[in-house]
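Pasting a structure here, questions to come.
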Amino acid sequence: MIGPLPHLSRRNVLVTALAGAVSATVRTSSAEGASNDHIAERNRIMRTVTTKDGVQIFYKDWGPKTGQPIFFHHGWPLSSDDWDAQMLSFAGRGYRVIAHDRRGHGRSTQVSDGHDMDHYAADVAAVVEHLDLRNVVHVGHSTGGGEATRYVARHGKGRVARLVLISAVPPLMVKTSANPGGLPIEVFDGLRAKLAANRSQFYLEFASGPFYGYNRPGAEPSQAVIWNWWRQAMMGGAKAQYDGIRAFSETDFTDDLTRITVPTLVMHGTDDQIVPIADSAPLSAKLVKNGTLKTFEKLPHGICTTHADLVTAELLAFVAG
């Protein structure tokens, strides 16, 4: 039988409660500290940067830290893996090469919002500032060209040496009254409908056809290239890629281009079926203050893969120039 409980004064109750509260606070603080330490360690090991709105951006940083940095911006709906050929080549030549997975793509956080060029550029700025990169050459392909353009124009002051746009979306892809040569909005609505209906099949067909020009007579499709494109695309989130179509097609980069004064190389294939050359590269090269246009006869949108050696040679000449 349990005897009567000892008498507890109000003072004893208060002391006991206070001790418990302090103990709980210490435990909570310790847990939070351990959690923060874990996040910091994960970021270090996984090479991620956490943005102001809490998105973890994955990045690669290869080559000697003393080499001139080259920052590569990937196209839609891919990842930094799409730059493997160029990154290996430049890292082997003593350059420091950096590439990130855009928010919602690849290994970065699959958030539901922020899939617009302003956030894309701010995310790049977070990586650049985290690594304290200076004298950087920014190289953007397709959607990555738009992202690089906005970053250089709005965040890059004092940090950028040169800019390269390859098969890039600027100045504006969609047809408007001010841009009569653009593509009708129905083209992009069609992309969204196919993505929503069967993303896996849509991506397989996209890589097997117009992206690399494999739908042209006489073309020899590479199944390895097709599956690698599909692999990268399926790593990302459907919401980010769906919203990203609006970001790359409806963003007007005209004002950004006019702000850019660093030497800029604009490269484009004349048989680009994704970003038609007539309403893109020549206009961008004229809008920047110090632009050079290089066109490649009958080459497709995905020239960084189909003609990697050519692209690398042009990049080397421009970076060293």
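Which of the residues that make up region 281-307 are closer than 17 Å to residue 145 by Cα and part of a helix (DSSP H, G or I)?
Result: 281, 282, 283, 284, 285, 286, 287, 303, 304, 305.
Another question, then. Looking at region 125-146, can you tell me whether even one residue there is over 22 Å from residue 306 (Cα atoms), small (Gly, Ala, Ser) and touching a helix residue (DSSP H, G or I) at 6+ places or on another chain (Cβ under 9 Å)?
Yes, region 125-146 contains a residue that is over 22 Å from residue 306 (Cα atoms), small (Gly, Ala, Ser) and touching a helix residue (DSSP H, G or I) at 6+ places or on another chain (Cβ under 9 Å).
Residue by residue through region 203-229, note down the ones that are hydrophobic (A, V, I, L, M, F, W, C), under 24 Å from residue 107 (Cβ atoms) and surrounded by fewer than 18 Cβ atoms within 10 Å (Cβ to Cβ).
Quick first cut of region 203-229, residues hydrophobic (A, V, I, L, M, F, W, C) only: 204, 206-207, 211, 219, 224-227, 229.
Okay, now just the ones that are also under 24 Å from residue 107 (Cβ atoms), so 204, 206-207, 211, 224-227, 229.
Matches in region 203-229: 204, 224, 225, 227.
Also, quick follow-up: Among what's in region 265-303 and is in contact with an Asp or Glu (Cβ under 7 Å, 6 or more places away or on another chain) and within 20 Å of residue 83 (Cβ to Cβ), pick the residue that is surrounded by the fewest Cβ atoms within 10 Å (Cβ to Cβ). It would help to see each step written out before you state the result.
Of all residues in region 265-303, those in contact with an Asp or Glu (Cβ under 7 Å, 6 or more places away or on another chain) come to 267, 270, 294, 298-301.
Filter once more, so that each one left must be within 20 Å of residue 83 (Cβ to Cβ): 267, 294, 299-301.
On the way: 267: 27, 294: 13, 299: 21, 300: 24, 301: 25.
The qualifying residue surrounded by the fewest Cβ atoms within 10 Å (Cβ to Cβ) is 294.
For region 216-241, what are the residues that are assigned to a loop (DSSP other than H, G, I, E, B), among the small types (Gly, Ala, Ser) and either free of Cβ contacts under 8 Å to residues at least 40 places away in the same chain or at positive phi (or both)? Spell out the reasoning first.
At the first step, the residues of region 216-241 found to be assigned to a loop (DSSP other than H, G, I, E, B) are 216-222, 236-237.
Cutting the leftovers down to among the small types (Gly, Ala, Ser) gives us 218-219, 222, 236-237.
Correct list: 218, 219, 222.
Please state which one of 224, 238, 233 is over 20 Å from residue 303 (Cβ atoms), among the hydrophobic types (A, V, I, L, M, F, W, C) and at pLDDT 95 or above.
238
Is it the case that region 147-155 has a residue that's over 24 Å from residue 260 (Cβ atoms), in contact with a Phe, Trp or Tyr (Cβ under 9 Å, 6 or more places away or on another chain) and not hydroxyl-bearing (Ser, Thr, Tyr)? Walk me through it before giving the result.
From region 147-155, those over 24 Å from residue 260 (Cβ atoms) are none; that's our starting set.
Within region 147-155, not a single residue is over 24 Å from residue 260 (Cβ atoms), in contact with a Phe, Trp or Tyr (Cβ under 9 Å, 6 or more places away or on another chain) and not hydroxyl-bearing (Ser, Thr, Tyr).
On to the next question. For region 135-191, give me each residue that is hydroxyl-bearing (Ser, Thr, Tyr), within 16 Å of residue 285 (Cβ to Cβ) and assigned to a loop (DSSP other than H, G, I, E, B).
The answer is 167, and nothing else.
Between residues in region 274-289 that are closer than 9 Å to residue 257 by Cα and residues that are among the β-branched types (Val, Ile, Thr) and in a helix (DSSP H, G or I), which pairs lie under 6 Å by C-beta distance while being six or more apart or on different chains?
287/258
If I ask for residues that are more than 25 Å from residue 187 (Cβ to Cβ) and assigned to a helix (DSSP H, G or I), which ones from region 259-280 would you list?
We begin by selecting, within region 259-280, every residue more than 25 Å from residue 187 (Cβ to Cβ); these are 259-265.
Selection gives 259 alone.
If you don't mind, there's one more thing I want to ask. Tell me yes or no: at least one residue of region 218-238 is under 18 Å from residue 117 (Cβ atoms) and hydroxyl-bearing (Ser, Thr, Tyr). Outline the logic, then answer.
Pass one, region 218-238, residues under 18 Å from residue 117 (Cβ atoms): 236-237.
Add one more test, that the residue is hydroxyl-bearing (Ser, Thr, Tyr), and what stays is none.
Within region 218-238, not a single residue is under 18 Å from residue 117 (Cβ atoms) and hydroxyl-bearing (Ser, Thr, Tyr).
Would you mind telling me which numbered condition in (1) touching a Gly at 6+ places or on another chain (Cβ under 6 Å); (2) surrounded by fewer than 23 Cβ atoms within 10 Å (Cβ to Cβ); (3) over 20 Å from residue 282 (Cβ atoms); (4) among the aliphatic types (A, V, I, L, M) residue 196 fails?
(1)
Quick check on region 242-258: of everything there that is under 15 Å from residue 165 (Cβ atoms) and part of a helix (DSSP H, G or I), which residue is farthest from the chain's Cα centre (by Cα)?
Out of the qualifying residues, it is 258.
Any idea which of 178, 168 is at negative phi and loosely packed, with under 14 Cβ neighbours inside 10 Å?
178
Additional query: Please work out if residue 163 is within 22 Å of residue 85 (Cβ to Cβ) and more than 14 Å from the chain's Cα centre (by Cα).
When the stated conditions are applied, residue 163 passes them.
I've got another one for you. If we scan region 99-115, do we find a residue that is of a type outside the set (A, V, I, L, M, F, W, C), in a helix (DSSP H, G or I) and surrounded by fewer than 21 Cβ atoms within 10 Å (Cβ to Cβ)?
No, because not a single residue in region 99-115 is of a type outside the set (A, V, I, L, M, F, W, C), in a helix (DSSP H, G or I) and surrounded by fewer than 21 Cβ atoms within 10 Å (Cβ to Cβ).
The values are calculated or read from the model by the stated rules, or taken from the named source; none is laboratory data. Keep in mind that what you see is a predicted model, and the values were worked out from it rather than measured. Counting neighbours? That spans all protein chains shown, and the Cβs are built from the backbone with ideal geometry, glycine included.
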